[in-house]
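*Asks:* I am attaching a structure below and will ask some questions about it afterwards.
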Amino acid sequence: MKIYFTTLLLLLYGCASVNEKETTGFNEVLIKFNTQIPEKEHVYILIPPFSCHGCVQKMISKIDIYLSPQDKPYVTFISGIADIDLKIFSSRAVVYTDTHNYLEQLPFDIANVTVVETKKSMLSKVYSISLEDIENRINEKMFSFED
């Protein structure tokens, strides 16, 4: 019985610490951009260097429709693709270009366009979005924030 209880505790600790490890690793990458995970809700849109350029451009045009200037304190883009122009978002989001491939140091996998949602200085959700589901994600209020 003692072995089962110890195993259960280790499993629970392992599950709880994964989020902490991911949060710490993500924050370490953000520090390289002179920022960190805020206390308030925030959405990070990550575009790794190996993304499909055409898919990313189409998703950016969809996101462009929904972002407003009031979203700027809550939304950050980090792109590993230098020739993807995110300047259109500069008045509505914080924008960084990852010229040093810091996104490759993340403790979780990212693809094409990955969204990281944070709350209370911790990761709350990490998911990739595709052209097929971007409208559903946006309609689920990806960009709705509470003060």
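Read-outs throughout are calculated quantities, based only on the coordinates presented, and are distinct from any laboratory measurement. Quantities reported herein were computed from a predicted structural model and do not represent experimental measurements. Heads up, the Cβs are rebuilt from the backbone with ideal geometry, glycines too, and the neighbour counts pull from every protein chain shown.
*Asks:* Please state the relative contact order of segment 2-139 as a whole percent: Cα pairs under 8 Å, 6+ residues apart?
*Replies:* Result for segment 2-139 is 31 percent.
*Asks:* Another question, then. Sorted from fewest to most neighbouring beta carbons within 10 Å, what does the list Leu30, Leu131 look like?
*Replies:* Least to most surrounded, the residues fall as Leu131, Leu30.
*Asks:* Still on this structure, I have one more. Rounded if a/c is under 1.5, else prolate if a/b beats b/c, else oblate: with a ≥ b ≥ c from the C-alpha gyration tensor eigenvalues square-rooted, which is segment 31-147?
*Replies:* Rounded, because the longest to shortest axis ratio a/c is under 1.5.
*Asks:* Sorted from largest to smallest, which semi-axis lengths in Å does the alpha carbon gyration tensor of segment 52-108 give for its equivalent ellipsoid, taking the root of 5 times each eigenvalue?
*Replies:* Three semi-axes, in Å: 20, 14, 10.
*Asks:* Just to confirm my numbers, what's the Cα centroid distance between segment 17-40 and segment 99-132 in Å?
*Replies:* 11
*Asks:* If the reach is capped at under 18 angstrom between alpha carbons, list the lysines near Lys21, excluding any in the same chain fewer than eight residues apart.
*Replies:* Within the straight-line cut-off, Lys21 pairs with Lys32, Lys119, Lys120, Lys125.
*Asks:* What is the fewest-to-most order of Glu22, Glu39, Glu28 by other Cβ atoms lying within 10 Å of their Cβ?
*Replies:* Glu39, Glu28, Glu22
*Asks:* Could you give the length gained by full extension between Glu135 and Ile88, i.e. 0.36 nm per residue of separation minus their alpha carbon distance, to one decimal place?
*Replies:* Residue separation times 0.36 nm, minus the Cα-Cα distance, leaves 15.0 nm.
*Asks:* By how many nm would the segment from Gln57 to Glu28 grow when fully extended, if each residue of separation counts as 0.36 nm and the alpha-carbon distance is taken off?
*Replies:* Length difference between fully extended and current span is 7.7 nm.
*Asks:* For a footprinting-style exposure proxy, rank Val75, Val113, Val56 by other Cβ within 10 Å, fewest first.
*Replies:* With the fewest neighbours first, Val75, Val113, Val56 line up as Val56, Val75, Val113.
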